[in-house]
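S.K.: Below is the structure I would like to discuss, written out as structure tokens.
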Amino acid sequence: MGLKVCLILDGATLEEDLQLWERWRPWVDLVELRADCLQRCEWDQLGHWPLLGQVPCILTLRRREDGGHWSGSEDDYTAFYLSRTGEGWDWWDLDEQARLPPQAIQDFRARGGRVLRSIHAMDGWQSDAVPRLLDLARGADAVKYAVWIRTAADLGKLFELSEDLAEVPRVVIGMGPYGFPSRILGRALGSLWTYALPREGVGPLGQIDPRTLKTVLRVHRWEVTHPVFGVAGDPALHSKGPWVHNLGFERLGLDAIYLPFPTDDLEATLQLRRWIRLRGLSVTVPHKEAAATLAWYADATTRACGSANTLVASGEGWVAHNTDVTGFLRPLLQQWGVESLIGKRITVLGAGGAARAVVWALVDRGAEVLVLARREERAKALAEALGARWGHLGPDALPFLREHADAIVQATSAGMGDQLGVDPLEFYAWEGRELAYELVYNPPITRFLERAKAAGCPIIGGWEMFREQALEQFELFTGQEYPQPFPEFEG
Ligand code: NAP
């Protein structure tokens, strides 16, 4: 029995909640009706909801200080639940402050209702959480601990807390990006269910929609004994890795899961092996260099370029690989139909982690490389270390750029996210002969590529490199080839 998915119904009216339920029902096992989100006039009709009887339902009145919308008095809180003892709710979520008369709770339970006592630690980790939860557990059917995870190291504390609550039925949730894995790996935390938002995208506390939970991340199929893979980065929730790798597992019938591990501390994330069978990680910004040093063995490419994008568990430690290098080179070599880049003069924009792998790959194949970055000193440091030339990314570099324009590689983070539409090479007039190679894959056509294409230049988009590095990673993770076809990019 896998992890259940509880849909949060946070509509302003019961009609809206009903529509949300209808929309998401194929992927939902129970719902939480958030009375604090409803207009007050809707409360009169609340009692009809359990009569629908379509799905188990939790009734919750969340206070403002716990991340909800309700700010009434303690008496009002009590009165709200007291007036509903006869209504047939499956669960009441009562927070730590709640002081309902024991008789009311007995009446509610006598009708088959169950009581969840919850703590919401919006300010982060609380050292007295375990005794407080154990205290709440007396007289409750389950407890819930939802805590804001401020640093990836605090995620491990959630697993420790779960060990201390081993005998108590519970739901344990890490809020915020660094807590995200707890929403997926609930089985390892002993959680009865995980919460989902009734809309696409990532909610303010890190919740996602139930369809993604079940069809992409397959939370209901994952058990503690199954291997875990993921992408570690900061940020990581936007990554397409889960979609690609989980599809591969699904097609091969592998009981494994791949999920985002947003982390500010790669080492702390690796230590999650104490509680889950973490077998491999894709590593992204800003941890690629740390990944190379945390491994007990690094492959030749990683050693040479000083950064790794893949960690594979080996014994008690990790082996580091760099699939960015081959992932980047393969589309380029195919485009030109060559194996060597001797005689090619190429410009790389940017001096971050990706640029480092790219410059190393190009120099290794014999290309003459010019590195341009908006901070010239970063371009200089990278270029000097790897045997390239450098310059400032701006119109002053045009004469050198024109001499290194067999290909121009866009390896900055401009063009995506909050830099959507930004072209770091806006000052350059494409001539039509240069190959434009973009690393950003979301969106698939950036302004940089758009302008190059309009000038008649051949182009390579970021999804091609993503595909190649992911294919190699999948083999490192599973020992098997990716079951084709590789998915086309979806925004
Ligand atoms: P990073 O380490 O954060 O480096 C980003 C670089 O971009 C830095 O040099 C930064 O300069 C520069 N930059 C950011 N905005 C800029 C702007 N508006 N103009 C000029 N330079 C700008 O990131 P990374 O790991 O190198 O990744 C870079 C990009 O490659 C990302 O978009 C990433 O998604 C993509 N990537 C794609 C693949 C793939 O498979 N397709 C693989 C790896 C990376 P400062 O240092 O001055 O901030």
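The values are calculated or read from the model by the stated rules, or taken from the named source; none is laboratory data. Worth saying up front: this structure is predicted, and the values here are computed from it rather than measured. Every residue, glycine as well, gets a Cβ built from its backbone with ideal geometry; the counts of neighbours run over all protein chains shown.
S.K.: Looking at the range 178-194, is at least one residue surrounded by fewer than 18 Cβ atoms within 10 Å (Cβ to Cβ) and within 15 Å of the chain's Cα centre (by Cα)?
M.R.: The answer is no; no qualifying residue exists.
S.K.: Which of (1) surrounded by 23 or more Cβ atoms within 10 Å (Cβ to Cβ); (2) closer than 25 Å to LEU7 by Cα does LYS240 not meet, given it meets every other one?
M.R.: Failed condition: (1).
S.K.: Now for a separate question. Every residue in the range 54-85 that is closer than 23 Å to ALA146 by Cα and either without any contact (Cβ under 8 Å) to a residue 12 or more places away in the chain or loosely packed, with under 14 Cβ neighbours inside 10 Å (or both), please.
M.R.: ARG64, GLU65, SER71, GLY72, SER73, GLU74
S.K.: Can you name the number of the only condition in (1) more than 9 Å from the ligand (Cβ to nearest atom); (2) more than 17 Å from ARG447 (Cα to Cα) that ALA407 fails?
M.R.: Going through (1) more than 9 Å from the ligand (Cβ to nearest atom); (2) more than 17 Å from ARG447 (Cα to Cα) one by one, ALA407 breaks only (2).
S.K.: Taking the range 403-421 on its own, how many of its residues are within 36 Å of the chain's Cα centre (by Cα) and in a loop (DSSP other than H, G, I, E, B)?
M.R.: In the first step, residues of the range 403-421 are kept if they are within 36 Å of the chain's Cα centre (by Cα); the result is 407-421.
Remaining after also requiring in a loop (DSSP other than H, G, I, E, B): 411-414, 416, 421.
Residues that pass the stated criteria total 6.
S.K.: Just checking, how many residues over the range 240-287 are in a helix (DSSP H, G or I) and closer than 28 Å to PRO485 by Cα?
M.R.: First, the residues of the range 240-287 that are in a helix (DSSP H, G or I): 241-252, 266-274.
Filter once more, keeping what is closer than 28 Å to PRO485 by Cα: 241-252.
The number of residues fulfilling the criteria is 12.
S.K.: Those residues that are closer than 30 Å to LEU435 by Cα and either away from the ligand (no atom under 12 Å from the Cβ) or within 23 Å of the chain's Cα centre (by Cα) (or both), I need them from the range 306-328; list them, please. It would help to see each step written out before you state the result.
M.R.: In the first step, residues of the range 306-328 are kept if they are closer than 30 Å to LEU435 by Cα; the result is 306-310, 321-328.
Selection gives GLY306, SER307, ALA308, ASN309, THR310, HIS321, ASN322, THR323, ASP324, GLY327.
S.K.: Next question, about the same structure. All but one of (1) assigned to a helix (DSSP H, G or I); (2) over 20 Å from GLY174 (Cβ atoms) hold for LEU33; state the number of the condition that does not hold.
M.R.: Among (1) assigned to a helix (DSSP H, G or I); (2) over 20 Å from GLY174 (Cβ atoms), the lone unmet condition for LEU33 is (1).
S.K.: Here's a follow-up. Quick one: is PHE400 touching a Leu at 6+ places or on another chain (Cβ under 9 Å), surrounded by fewer than 22 Cβ atoms within 10 Å (Cβ to Cβ) and in a loop (DSSP other than H, G, I, E, B)? Outline the logic, then answer.
M.R.: Working: touching a Leu at 6+ places or on another chain (Cβ under 9 Å): yes; surrounded by fewer than 22 Cβ atoms within 10 Å (Cβ to Cβ): yes; in a loop (DSSP other than H, G, I, E, B): no.
Against the criterion (touching a Leu at 6+ places or on another chain (Cβ under 9 Å), surrounded by fewer than 22 Cβ atoms within 10 Å (Cβ to Cβ) and in a loop (DSSP other than H, G, I, E, B)), PHE400 does not qualify.
S.K.: Within the range 339-355, identify whether any single residue is near the ligand (Cβ under 9 Å from one of its atoms), part of a strand (DSSP E or B) and closer than 19 Å to MET465 by Cβ, and answer yes or no. Quick ask: steps written out before the conclusion?
M.R.: Just the residues of the range 339-355 that are near the ligand (Cβ under 9 Å from one of its atoms), to begin with: 349-355.
If we keep only those that are part of a strand (DSSP E or B) too, we end up with 349.
Next, from what is left, pick out any that are closer than 19 Å to MET465 by Cβ: 349.
Among the residues of the range 339-355, at least one is near the ligand (Cβ under 9 Å from one of its atoms), part of a strand (DSSP E or B) and closer than 19 Å to MET465 by Cβ, which makes the answer yes.
S.K.: Write out, first by first residue and then by second, each pair whose Cβ atoms fall under 7 Å of each other, whose residues are 6+ apart or on separate chains, and whose first residue, in the range 125-140, is under 25 Å from ALA110 (Cβ atoms) and modelled with pLDDT of 95 or more while the second is surrounded by fewer than 14 Cβ atoms within 10 Å (Cβ to Cβ) and not aliphatic (A, V, I, L, M).
M.R.: So the pair list comes out empty.
S.K.: Return the residues of the range 471-485 that are buried (at least 17 other Cβ atoms within 10 Å of the Cβ) and not in a helix (DSSP H, G or I); say none if nothing qualifies.
M.R.: The answer is TYR482, and nothing else.
S.K.: Considering the range 287-305 alone, what residues qualify as being among the aliphatic types (A, V, I, L, M) and more than 14 Å from the ligand (Cβ to nearest atom)? Working first, answer last.
M.R.: Residues of the range 287-305 that are among the aliphatic types (A, V, I, L, M), as a first pass: 290-292, 294-295, 298, 300, 304.
Correct list: LEU294, ALA295, ALA298, ALA300, ALA304.
S.K.: Just checking, does the range 220-234 include any residue being surrounded by 19 or more Cβ atoms within 10 Å (Cβ to Cβ), within 20 Å of LEU161 (Cβ to Cβ) and not hydroxyl-bearing (Ser, Thr, Tyr)?
M.R.: Looking for residues that are surrounded by 19 or more Cβ atoms within 10 Å (Cβ to Cβ), within 20 Å of LEU161 (Cβ to Cβ) and not hydroxyl-bearing (Ser, Thr, Tyr), one finds at least one in the range 220-234, hence yes.
S.K.: Can I ask one more? Identify the residue in the range 422-470 that is farther than 24 Å from GLU490 by Cβ and in a helix (DSSP H, G or I) and, among all such residues, is nearest to the ligand (Cβ to nearest atom).
M.R.: Of the range 422-470, the ones farther than 24 Å from GLU490 by Cβ are 424-435, 451, 454-458.
Within this subset, residues satisfying the condition of being in a helix (DSSP H, G or I) are 451, 454.
On the way: ARG451: 15, ALA454: 21 Å.
Residue satisfying both the conditions and the ranking: ARG451.
S.K.: Assess whether LEU51 counts as being surrounded by fewer than 17 Cβ atoms within 10 Å (Cβ to Cβ), farther than 25 Å from ILE105 by Cβ and over 27 Å from the mean Cα position of the chain (by Cα). So that I can check it myself, show each step before the final result.
M.R.: Working: surrounded by fewer than 17 Cβ atoms within 10 Å (Cβ to Cβ): yes; farther than 25 Å from ILE105 by Cβ: no; over 27 Å from the mean Cα position of the chain (by Cα): yes.
For LEU51, the condition - surrounded by fewer than 17 Cβ atoms within 10 Å (Cβ to Cβ), farther than 25 Å from ILE105 by Cβ and over 27 Å from the mean Cα position of the chain (by Cα) - is not met.
S.K.: In the range 359-381, what residues are within 11 Å of the ligand (Cβ to nearest atom) and among the acidic types (Asp, Glu)?
M.R.: If the condition is that a residue be within 11 Å of the ligand (Cβ to nearest atom) and among the acidic types (Asp, Glu), then GLU376, GLU377 are the ones that fit.
S.K.: Could I ask something else about it? Quick check: anything in the range 203-218 more than 23 Å from TYR482 (Cβ to Cβ), in contact with a Gly (Cβ under 6 Å, 6 or more places away or on another chain) and crowded, with 20+ Cβ neighbours inside 10 Å?
M.R.: Yes, the range 203-218 has at least one match.
S.K.: Shifting gears a bit: On the basis of being in contact with an Asp or Glu (Cβ under 9 Å, 6 or more places away or on another chain), within 16 Å of the ligand (Cβ to nearest atom) and over 17 Å from ALA308 (Cα atoms), does TRP243 make the cut?
M.R.: Values: in contact with an Asp or Glu (Cβ under 9 Å, 6 or more places away or on another chain): yes; within 16 Å of the ligand (Cβ to nearest atom): yes; over 17 Å from ALA308 (Cα atoms): yes.
It is true that TRP243 is in contact with an Asp or Glu (Cβ under 9 Å, 6 or more places away or on another chain), within 16 Å of the ligand (Cβ to nearest atom) and over 17 Å from ALA308 (Cα atoms).
S.K.: Right, here's the next one. Give the residue that is farthest from GLY343 (Cα to Cα), with candidates limited to residues of the range 408-422 that are buried (at least 20 other Cβ atoms within 10 Å of the Cβ) and in contact with a helix residue (DSSP H, G or I) (Cβ under 7 Å, 6 or more places away or on another chain). Before you say what the answer is, go through the steps one by one.
M.R.: Our first condition is that a residue be buried (at least 20 other Cβ atoms within 10 Å of the Cβ); within the range 408-422, this holds for 408-412, 414-415.
Then drop every residue that is not in contact with a helix residue (DSSP H, G or I) (Cβ under 7 Å, 6 or more places away or on another chain), which leaves 409-411, 415.
On the way: VAL409: 17, GLN410: 20, ALA411: 21, GLY415: 30 Å.
This residue is GLY415.
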